Amino acid sequence: MKNISIIVLMFFGSLSLSAQGLNVFFEKADSFFKANVANGKVAYSKINANKEALNEVLKLAETVSVSKSDAENYQAFWINAYNLSVIKGIINNYPTKSPLDHAGFFDKTTYSLGGKKITLNDIEHKLLRAQFNDARFHFVLVCGALGCPPLINKAYLPSTLNAQMDVQTKKALNGSFLKVNTKKKRVQASQIMEWYKKDFTMNGKTEIDFINTYRTEKIPNNFKLSYFPYNWTVNKQ
């Protein structure tokens, strides 16, 4: 009985330490984004001059352990980890005009996160998109370029994650993510909607159906949809 009690205490003790580490990560990530992001753009020159805060929060992310079954913590952790790692990738190649100027930026360079050695593409496609059918990920994972939805100046937190994802999706679909020509009955969308069409057309819906879920001024279903080129210029201040 004594041995069982010790095992139970050790188990809950490890859970407590894991939760504590995750909370500290969220706090540090929040402080970092607040200090270095404004109007969707990143102060890369400032970060490059003093990398301590970025390295500290990514060091914390190395040992965080979070289960997929704890969906809010899991998604919030990996969204923040992705966005921080993109910034780290830009800083590692600073100065740069575009993340695409560096071979393997998304699919070869690995980061130590959540006990894994992992690429940016693996976070996006394997840990998030493949596990949860939620097209809103495309509006919160920021690839370091102006064509991406804007980066917010705070961390995504489990308690506010759903609302934050909704807000960012609405901002994109009511803003620069779409170009609407009412006279010609045309709407142009970011190439993200072309590349990931399957994500925006789940459950028999069309892309315009998805857009109208979040858009204030609805797009008529008879409008022709096309896509405008992605801007891969780095999202620097």
Worksheet item: Name the pairs: first residue in region 158-170 and assigned to a helix (DSSP H, G or I), second residue of a type in the set (Asp, Glu) and open to solvent by 70 Å² or more (accessible area, probe 1.4 Å), Cβ to Cβ under 8 Å, at least 6 apart or on different chains?
Response: Leu161/Glu72; Asn162/Glu72
Item to complete: Inspect region 128-140 for any residue being free of Cβ contacts under 8 Å to residues at least 12 places away in the same chain, among the small types (Gly, Ala, Ser) and in a loop (DSSP other than H, G, I, E, B) and give the result as yes or no.
Response: yes
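Which of the residues that make up region 30-50 are open to solvent by 20 Å² or more (accessible area, probe 1.4 Å) and not in a loop (DSSP other than H, G, I, E, B)? Quick ask: steps written out before the conclusion?
Within region 30-50, the subset open to solvent by 20 Å² or more (accessible area, probe 1.4 Å) is 30-31, 34-35, 38-39, 41, 45-46, 48-50.
Matches in region 30-50: Asp30, Ser31, Lys34, Ala35, Ala38, Lys41, Ser45, Lys46, Asn48, Ala49.
Taking Ala53, is it open to solvent by 20 Å² or more (accessible area, probe 1.4 Å), more than 21 Å from Asn162 (Cα to Cα) and touching a Lys or Arg at 6+ places or on another chain (Cβ under 9 Å)? Talk me through it step by step, then tell me what you get.
Working: open to solvent by 20 Å² or more (accessible area, probe 1.4 Å): yes; more than 21 Å from Asn162 (Cα to Cα): yes; touching a Lys or Arg at 6+ places or on another chain (Cβ under 9 Å): yes.
In short, yes.
Would you check if there is a residue in region 52-62 being in a loop (DSSP other than H, G, I, E, B) and at pLDDT 95 or above? Walk me through it before giving the result.
Restricting attention to region 52-62, the residues satisfying the condition of being in a loop (DSSP other than H, G, I, E, B) are none.
So far as region 52-62 goes, no, none of its residues is in a loop (DSSP other than H, G, I, E, B) and at pLDDT 95 or above.
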Worksheet item: What are the pairs, 6+ residues apart or on separate chains, where a residue within region 201-226 that is farther than 21 Å from Asn133 by Cβ and open to solvent by less than 100 Å² (accessible area, probe 1.4 Å) has its Cβ under 7 Å from a residue that is in a helix (DSSP H, G or I) and of a type in the set (D, E, K, R)?
Response: Leu225/Glu207
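Can you say whether Tyr156 is out of contact with any Leu (no Cβ under 8 Å at 6 or more places or on another chain), at pLDDT 95 or above and under 22 Å from Asn221 (Cβ atoms), as far as the supplied structure shows? Don't jump to the end; show me each part of the working.
Working: out of contact with any Leu (no Cβ under 8 Å at 6 or more places or on another chain): yes; at pLDDT 95 or above: yes; under 22 Å from Asn221 (Cβ atoms): no.
In short, no.
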Worksheet entry | Filter result (farther than 20 Å from Pro150 by Cα, of a type in the set (A, V, I, L, M, F, W, C) and in contact with an Asp or Glu (Cβ under 8 Å, 6 or more places away or on another chain)) within region 172-227 | Leu225
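For residues in region 179-228 being part of a loop (DSSP other than H, G, I, E, B) and of a type in the set (S, T, N, Q), which is nearest to Gln168 (Cα to Cα)? Before you say what the answer is, go through the steps one by one.
First, the residues of region 179-228 that are part of a loop (DSSP other than H, G, I, E, B): 182-185, 191, 196, 201, 205-206, 215-223.
Remaining after also requiring of a type in the set (S, T, N, Q): 182, 191, 201, 206, 216, 221-222.
Working: Thr182: 24, Gln191: 17, Thr201: 19, Thr206: 20, Thr216: 14, Asn221: 23, Asn222: 26 Å.
Result: Thr216.
For region 168-200, what are the residues that are of a type in the set (D, E, K, R) and open to solvent by less than 90 Å² (accessible area, probe 1.4 Å)? Full working, then the answer.
Step one: filter region 168-200 for residues of a type in the set (D, E, K, R), giving 170-171, 179, 183-186, 194, 197-199.
Scanning region 168-200 gives Glu194, Asp199.
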Discussion item. If I ask for residues that are over 20 Å from Phe25 (Cα atoms) and open to solvent by 60 Å² or more (accessible area, probe 1.4 Å), which ones from region 67-100 would you list?
Written reply: Asn92, Tyr94, Pro95, Lys97, Leu100
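What residue, of Thr160, Thr201, is among the hydroxyl-bearing types (Ser, Thr, Tyr) and more than 24 Å from Asn39 (Cβ to Cβ)? Step through it out loud before you land on a result.
Numbers: Thr160 fails: more than 24 Å from Asn39 (Cβ to Cβ).
The unique qualifying residue is Thr201.
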Practice prompt. Name the single residue, out of those in region 1-29 being modelled with pLDDT of 95 or more and open to solvent by 30 Å² or more (accessible area, probe 1.4 Å), that is nearest to Cys143 (Cα to Cα).
Written response: Lys28
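Taking the condition hydrophobic (A, V, I, L, M, F, W, C), more than 16 Å from Trp232 (Cα to Cα), surrounded by fewer than 18 Cβ atoms within 10 Å (Cβ to Cβ) and out of contact with any Phe, Trp or Tyr (no Cβ under 6 Å at 6 or more places or on another chain), does Ala103 pass?
On the way: hydrophobic (A, V, I, L, M, F, W, C): yes; more than 16 Å from Trp232 (Cα to Cα): no; surrounded by fewer than 18 Cβ atoms within 10 Å (Cβ to Cβ): yes; out of contact with any Phe, Trp or Tyr (no Cβ under 6 Å at 6 or more places or on another chain): yes.
Judged against the criteria, Ala103 is not a match.
The values are calculated or read from the model by the stated rules, or taken from the named source; none is laboratory data. Keep in mind that this is a model prediction, so the values were computed, not measured. Positions of Cβ are generated from backbone atoms using ideal geometry, with glycine treated the same way; all protein chains shown enter the neighbour counts. To get the accessible areas, we keep the full protein, side chains included, count just its heavy atoms, and leave off ligands, DNA and RNA. Shrake-Rupley method; radii C 1.70, N 1.55, O 1.52, S 1.80 Å.
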